[in-house]
1. Within 18 Å of TYR311 (Cα to Cα) and not β-branched (Val, Ile, Thr): does that describe GLN423?
2. Where in the range 46-153 are there strands (runs of 3 or more DSSP E), lying fully within it, with 2 or more residues that are over 30 Å from ARG354 (Cβ atoms)?
3. Based on what the data block shows, is ALA367 surrounded by fewer than 23 Cβ atoms within 10 Å (Cβ to Cβ), in a loop (DSSP other than H, G, I, E, B) and in contact with an Asp or Glu (Cβ under 9 Å, 6 or more places away or on another chain)?
4. Going through the range 108-129 one residue at a time, which ones are under 17 Å from ALA89 (Cα atoms) and surrounded by fewer than 16 Cβ atoms within 10 Å (Cβ to Cβ)?
5. Quick check: anything in the range 308-330 surrounded by fewer than 20 Cβ atoms within 10 Å (Cβ to Cβ), at pLDDT below 95, on the phi < 0 side of the Ramachandran plot and of a type in the set (A, V, I, L, M)?
6. What number of residues in the range 1-22 are surrounded by fewer than 22 Cβ atoms within 10 Å (Cβ to Cβ), among the hydroxyl-bearing types (Ser, Thr, Tyr) and in contact with a strand residue (DSSP E or B) (Cβ under 6 Å, 6 or more places away or on another chain)?
7. Might you let me know whether the range 22-34 holds any residue that is more than 17 Å from the chain's Cα centre (by Cα) and part of a helix (DSSP H, G or I)?
8. Would you check if SER339 is out of contact with any helix residue (DSSP H, G or I) (no Cβ under 7 Å at 6 or more places or on another chain), under 30 Å from THR442 (Cβ atoms) and in the same structural domain as SER267 (by TED's automatic domain parsing)?
Amino acid sequence: MVSFKVGPDFIDPGHHTRITGTACRNLDGWMLSKSCNQKIFNRHIKSADFVVVEGVMGLFDGYDGKSEAGSTAQMAKWLNLPVLLAVNAKSMARSAAAVVYGFEKFDPDLRFSGVIFNQLGSARHLNYLKDAISGRVQMPCLGGMLRNEDIAIPERHLGLVTLQDHPMAPSAIDRLADFMESSVDMDALMACFSDISADPETALSTIQVEPASCRLPEPAKSRQDAGSTVKIGIAMDSAFCFYYSDNLDALTTAGAELVPFSPIADSSLPEGLSGIYFGGGYPELHAEKLAANSQLRSTILAFSLKGMPIYAECGGLMYLCRELTDMDGRNHPMTGCFSFSTRMLQRLKTLGYREIILKNDTILGKAGQKIRGHEFHYSEIIPPAEVKGVYAVTSRFGESNVEEGFQVNNTLGSYIHLHFGSQPEAAATFVQACLVYQNQQTL
């Protein structure tokens with residue numbers, strides 16, 4: 001089984017990966033072009049017997065209110081997939097029929113395999129909803145799920161608790177599977193796909209829960225000559241776990257050997273690194289342990305001063321700053337690669353898609369290149385930043401005066417999570433910078 005997640009999400013894909021045993025891939029109609037999404041999808045479904053694509057927000061929600069850009073509906077049409085609509089029917093009766101009817105009629109080009117109702121109070125509640133939609137909509141009701149707190153995943157700021165902090169035991173996965181089998185008519189669900197071609201262009205279902213160009217690198221090719229592989233450390237633990245799988249693949253394809261390490265638990269970096277990548281995550285929840293690991297913090301600062309290419313996003317940026325102030329107002333020393341500090345807020349600071357244009361040459365690309373991504377965080381830089389940003393940033397609201405993308409020596413950090421699929425040169429440029437650094441150390 002292979003899974004995909006629509007939208008710029010890191011937490012849900014982690015749980016998908018745990019359950020399916022294969023890396024979940026992100027699809028996104030705004031960050032990535034249609035052809036890029038289709039390439040990602042087709043590349044990873046060839047040997048799958050079942051494919052599920054989880055949607056993002058509401059079925060038609062995306063980049064803005066005027067278009068379908070970035071929505072699940074757009075992705076379903078791009079990939080020629082039918083939609084299994086899941087409707088939260090808590091405290092809802094006959095009005096559920098109007099909701100389903102509206103979704104079915106909103107976009108005539110969209111295909112539905114059926115509807116399932118969630119958060120039901122009883123079996124009688126489900127029968128009531130079935131009666132309400134009978135004869136009024138074309139899509140069949142394939143079942144309903146009773147409210148069940150025993151299978152819920154806890155939440156915190158930024159969303160669900162991550163896989164790293166809430167690993168599902170095999171018994172928990174079995175309970176989820178049993179719950180679905182008892183709630184959904186699986187035979188009827190599979191029958192909905194009997195007319196779907198086995199062509200790799202097609203998968204089985206897009207599940208939707210209600211409330212630029214792309215040139216992917218070929219796996220067999222590399223920009224580096226044989227024998228010139230560089231080692232890049234990947235911070236990977238409970239504090240740093242937000243990475244797009246395709247970003248990591250792009251680095252590998254460009255000639256990198258990715259070596260995971262833990263800024264929480266490891267007192268030293270892996271041997272032979274020529275670069276480091278810090279993803280996002282929850283450094284604020286582990287700030288005390290990160291601060292206590294002074295030996296590793298000093299090592300990272302030393303490599304930064306030496307010119308090693310180091311790239312960090314969001315939580316990674318916070319770790320590379322001088323100090324982190326947590327939600328309780330406590331200050332924790334970080335690596336000090338950047339002279340400014342960050343502090344946690346009690347409310348969301350910002351959320352949304354971003355397009356950046358590089359104002360200067362960086363370890364991700366040359367001046368003028370565009371890359372797309374998103375940001376979502378509860379922290380902020382304590383002004384003044386004292387470092388000029390190398391990103392010109394544009395959001396859907398036209399903002400362009402935000403200082404972002406801070407580069408000191410060869411250390412680049414930003415709150416924006418970039419998807420390398422929106423600018424295929426990014427991964428290769430980073431690996432090339434690491435190779436240059438590696439060669440300099442052998443002179």
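1. yes
2. Ranges flagged: 83-88, 112-120, 141-146.
3. Yes; evaluated as a whole, the condition is true for this residue.
4. Within the range 108-129, GLY121, SER122, ALA123, ARG124, ASN127 meet the criteria.
5. Checked against the condition, which is being surrounded by fewer than 20 Cβ atoms within 10 Å (Cβ to Cβ), at pLDDT below 95, on the phi < 0 side of the Ramachandran plot and of a type in the set (A, V, I, L, M), the range 308-330 yields at least one hit.
6. 2
7. Within the range 22-34, one or more residues are more than 17 Å from the chain's Cα centre (by Cα) and part of a helix (DSSP H, G or I).
8. no
The values are calculated or read from the model by the stated rules, or taken from the named source; none is laboratory data. As the structure is a prediction and not an experimental result, all values here were calculated from the model. Reconstructed Cβ throughout: ideal geometry from the backbone, glycine too, with neighbour counts over all protein chains shown.
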